[in-house]
Amino acid sequence: MALVPLKRVFEMLDACAPGYTATETVHHYRICYQQRTYATLPLGAHGPRHNPEIERGHVRRMIRHLQLDPSCVNQFFPGLLK
């Protein structure tokens, strides 16, 4: 199980999904971009923490769901998308 720092995910979203919005809910972040919503990006293990690590699978699923540009994403997470 590979983990990714949540701060790095938001850095990637800033660059690859300009204009996205992130809303914190009880257990997840709701990420909205270009009329698509990914509602289950985890806050981190055991609730909100300062820069928690989350599983790569959640990030990969969000990237595909929001249809982000793979070349941009690979600058932040090489090899994440195959």
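A few comments on the model shown:
- The listed residues are Glu24, Glu55, and the only one of them that is among the charged types (D, E, K, R) and closer than 17 Å to Ala2 by Cα turns out to be Glu55.
- Qualifying residues in the stretch 67-82 (those that are in a loop (DSSP other than H, G, I, E, B) and among the aliphatic types (A, V, I, L, M)) - the one surrounded by the most Cβ atoms within 10 Å (Cβ to Cβ): Leu68
- Residue match in the stretch 62-70 (condition: within 11 Å of the chain's Cα centre (by Cα) and of a type outside the set (A, V, I, L, M)): yes
- For first residues located in the stretch 1-25 and within 13 Å of Leu41 (Cβ to Cβ), partners that are among the hydroxyl-bearing types (Ser, Thr, Tyr) and lie 6+ apart or on another chain with Cβ distances below 8 Å form the pairs Leu13/Tyr20; Leu13/Tyr33; Ala17/Tyr33; Tyr20/Tyr33; Thr21/Tyr33; Ala22/Tyr29; Thr23/Tyr29.
- Of all residues in the stretch 2-41 being of a type in the set (Gly, Ala, Ser) and closer than 13 Å to Ile63 by Cβ, the one that is nearest to the chain's Cα centre (by Cα): Ala17
- Among the conditions (1) under 17 Å from Phe77 (Cβ atoms); (2) in contact with a helix residue (DSSP H, G or I) (Cβ under 7 Å, 6 or more places away or on another chain); (3) of a type in the set (D, E, K, R), the only one that Asp14 does not satisfy is (2).
- Criterion: on the phi < 0 side of the Ramachandran plot and modelled with pLDDT under 95 - qualifying residue of Ile63, Ile54: Ile54
- For the stretch 33-43, the criterion of being charged (D, E, K, R), in contact with a helix residue (DSSP H, G or I) (Cβ under 8 Å, 6 or more places away or on another chain) and farther than 15 Å from Leu81 by Cβ is satisfied by at least one residue.
The values are calculated or read from the model by the stated rules, or taken from the named source; none is laboratory data. Only a predicted model underlies this, so the values are computations on that prediction, with no experimental measurement involved. Counting neighbours? That spans all protein chains shown, and the Cβs are built from the backbone with ideal geometry, glycine included.
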